[in-house]
Amino acid sequence: MEAVKMMQTMSGTPDDTKPVNFTVKAPVYLQIGDAKADTAHSGVCVVDVNLPFGKPVNIEEVTFKNYYTAYVTVRLLRRNPKQEAPAKWCTAVRDLPLMDNPHTEGGSQDYYTIHRTQMQVEPDHVVCARLILRQPSLAWLTFSLEDIKIFPHTEPDPEKEVSDWLSDLTLTDQHPDLEGLPDPQTVSSSIQQMWALTEVMQTNQTTASIGRFDVDGCYDISLLSLT
Amino acid sequence: MDEGIELSLTIAQIIQRLRGSHLHSQIERQAKECLHQPDVKLESLKEDVRSFLKTSGWERKLQNAVYRELHIQLPPRHPPAPPEHLKEPLVYMRKAQASWEKRVLKSLNSMSTELGVPLAHMRPAAEQKELTNKWNEMGTDEPDLSRFRPVYAPKDFLEVLIGLRNPNHDSSEDISVRSHWGLIQVPLNVRDIPHLREAYSELNLTSGQMGIDDHALIHPDLFENEYVQIGKKVVMEEDSAAAQQYSRQGCPTGLRADLWALILNATNQPQDVMHYEQLKAGVIQHNLLVDNLIYKDVKLTASNDDYYFVFEDFLYQVLLCFSRDTAVLEHFKYNSATPPKSYIQGKVGDEECAVVYPPNGVIPFHGFSMYVAPLCFLYNEPSKLYNVFREMYIRYFFRLHSISSHPSGILSLCLQFERLLQTHLPQLFYHLRQIGVQPLRLAFKWMVRAFSGYLSTDQLLLLWDRILGYDSLEVVAVLAAAVFAFRAENLMEVTSLASAEAVLADLSTLKVMPLIQVFLFATAM
């Protein structure tokens, strides 16, 4: 269980991380040519996400709720702080399908998460994000993404307030006498999985129900509640 | 979500559900007792205990329990998804289900007020004693049920499904002409024959089937004998997953009861019997209005059926107990429906007095007892029959009377039926529309009951073999379309709704597996 304890002091839970505050510009629906007449539905929509000025973000994950968007492409404007080069746009995710079939309901209102590991580039030092939504089907009146949130990548917190003698104890546990003990590399690589396991099992409660439907033996009901 | 994390969460969820269960304590006890055995050594304790559990069959029981949990488990939650999203992802369907439920509750409330019968009250002691004595012959009772009427019938529910509209759906232009042929106007993804051929490959023309190749005129050595031998092995191995796979080609009559119990992991252990007795006590103690609805339903449907009237008493014993079973409430996590709420003794708003009504949250409708009736042919012990029925309800039957976008939900089945007919029997569909008949109105009652009461029992059980084997109700929609295909010639000649109904009135002579097989694998594409 040493590995478990190590884990719990390391990374913060994503639930605790606050999403980055940003402004989302109104979505722009693209049309071909002079699109004053409202004849054809647009199949492409661009949503610009401006992250706080002067504070580039390292993205951990992007979450949103779909509303009838078929595919989403995520482009990021990154500015490398070390180099003096101007910021460059790059594609992080191309045409990620959100609906199995653009004409039918499957996935149309689902919640999605795009994790940094699923992105084609490292989403670090991001100044601006652009979400390009596509919905080729004429079946829908409108499409968009709702509730877009961007979570920053947090470096693991260093162990706080561990007094010297306690840290000495944990150090001795890590004597490199690896006979029969798992390789520390494999342990640390499976740490995130085990964290998920323990978080759920911490409550240690059974879900078996007791089965009583009355309240202290009484089950006299006259009307059902309509709210 | 990262796959590794998803898997860990799934495992953690299953562990949490199985922890504290009877199986858990049984396995613990077995593990402790096996320490006395000579071949369990201290140096290799973990492996030895593990291999003991494997050889004694306990590992298999655990595997079956995990397999069962996977059937009813919710997908791991993305952090932002609220619980109602897991019941039903589409907002407009949730709203439609909620307003349908409100209608049903209002109807129940007004029935209670009009008749002066409380929704629930404690039975007086004398009545309790009488019911205990009469438990095995409740069918002989002839209570006055004339004042009671079913809360709703399938055709009322069909009207609600027909009226469903997606507010974001563009129906201004004739984008999809097909959608204007049929009744269902919701664009769900349903599978057509090419996909169905892949998914139901075990039903193809070259595979042996129970229901086709066990016919008396075919020599049993060609298929049946060997298939039965395999079936016996599966039953002996006690493996749920193997039983489910086996069931795709049908179950031999003699093995069906055991195979279905395996697939559903419905054991009949002492704690199950005790649970059933507890439910029986609940029935005796409290009298519910829905009990009268159940009585009425059984009298109207099963008792009038040539095949099922002998099981009348069993049906009461199962359905009355089913209403008292709070374990059923769990399935509302993945059911778009919500159990009705009430307050005891009229203490509205006092959360300590809040209860669910009926205790299992399911209000029976006209024909509900037909979900249980066919099972009476397989199981004669009430607690076993009860367990099998309950598991079938929380896995499959609940989808037939709630509004949801699930591929096995009644809405998808209706749409699939219409699409299959439109695509592969367009002339028939057109002809029926011309004479003012919508095919779905004829087929709906079959699908809502999963054909129970319309097919002969042996054929029905062959159909339900496939529902269990493929863990999906799609075959019900396929069979409905196949029946129309079979009777297409006659239907092309009818000129009125009444004659169309007459052509389709009697399905009791149909053989379901040849119909399904021909429709799926021999339809010209």
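Each value in this text was obtained by applying a stated rule to the coordinates, not by laboratory testing. All of these numbers come straight from a predicted model, not from anything done at the bench. Glycine also receives a Cβ, built like all others from the backbone with ideal geometry; neighbour counts cover every protein chain displayed.
Here is how the numbers come out for the structure above:
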item: Length released on extending from B:L145 to B:V273, taking residue separation times 0.36 nm less the Cα-Cα span; result: 43.0 nm
item: Shielding by partners - mean other protein chain Cβ count within 10 Å, residues of B:317-324; result: 1
item: Distance in nm between pseudo-label sites at B:E226 and B:Q285 (7 Å out along the Cβ direction from Cα); result: 5.6 nm
item: Charge dipole of the protein assembly as shown about the Cα centre (unit charges at C-beta), most positive-ward option of B:H366, B:S21, B:L53; result: B:H366
item: Region B:136-278 shape via C-alpha gyration tensor axes, a/c threshold 1.5; result: oblate
item: Within 10 Å of each Cβ in B:164-170, the average number of Cβ atoms from other chains; result: 4
item: Cα pair count fraction exceeding 18 Å, expressed as % - region B:3-73; result: 47 percent
item: Gained length - B:E330 relative to B:D170, 0.36 nm times residue gap less alpha-carbon distance; result: 53.9 nm
item: Separation of the B:M236 and A:R94 label points, Cα + 7 Å toward Cβ, nm; result: 5.7 nm
item: Average Cα contact separation per residue, region B:3-73, under 8 Å, 6 or more apart, as relative contact order %; result: 32 percent
item: Packing-based ranking, highest mean first, of B:83-89, B:383-389 given that Cβ atoms within 10 Å are counted; result: B:383-389, B:83-89
item: Selection of GluC sites (Glu not before Pro), region A:19-100, meeting DSSP coil and at most 16 other Cβ within 10 Å; result: A:E84
item: FRET efficiency, 1/(1 + (r/R0)^6) with R0 22 Å, evaluated for B:N304 and B:T509 via beta carbons; result: 0.70
item: Which of A:I150, B:I516 has the fewest Cβ neighbours within 10 Å, and the rest in rising order; result: A:I150, B:I516
item: Tail weight of P(r) past 53 Å, computed on alpha-carbon pairs of the protein assembly as shown, percent; result: 20 percent
item: Listed peptides B:340-348, A:137-145 by packing density, highest first (mean Cβ within 10 Å); result: A:137-145, B:340-348
item: Separation in nanometres of the label points that stand 7 Å from Cα toward Cβ, at B:R50 and B:K102; result: 5.6 nm
item: Fewest-first ranking of B:H24, B:H275, using other Cβ atoms within 10 Å as the exposure measure; result: B:H24, B:H275
item: Three-way shape call for chain B based on the alpha-carbon gyration tensor, with the a/c threshold at 1.5; result: rounded
item: Length-normalised contact order for chain B - Cα pairs under 8 Å, 6+ apart - percent; result: 19 percent
item: Residue pairs, from the table A:K25/B:K95; B:K134/B:K280; A:K65/A:K88, whose Cα atoms sit over 23 Å apart; result: A:K25/B:K95; A:K65/A:K88
item: Sequence of B:S56, B:S21, B:S247 once ranked by neighbouring C-beta atoms within 10 Å, starting from the fewest; result: B:S56, B:S21, B:S247
item: B:H36/B:S496 FRET efficiency (R0 56 Å; Cβ-Cβ; nearest 0.05); result: 0.10
item: Cα shape, region B:228-302, gyration tensor, a/c 1.5 rule; result: oblate
item: Mean separation of Cα contacts under 8 Å, 6 or more apart, over the residue count of region B:30-174: relative contact order %; result: 21 percent
item: Cα convex hull of region B:182-266 - mean projected area over all directions, nm²; result: 8.2 nm²
item: Expected 222 nm ellipticity per residue - DSSP helices of 4 or more, -39500 (n - 2.57), all of chain B, to 500; result: -16500 deg cm²/dmol
item: Per-selection metrics, region B:429-525 (Cα): Rg and Dmax in Å; result: 13.4, 39
item: Residue-averaged beta-carbon neighbours from other chains (10 angstrom radius) around A:101-113; result: 6
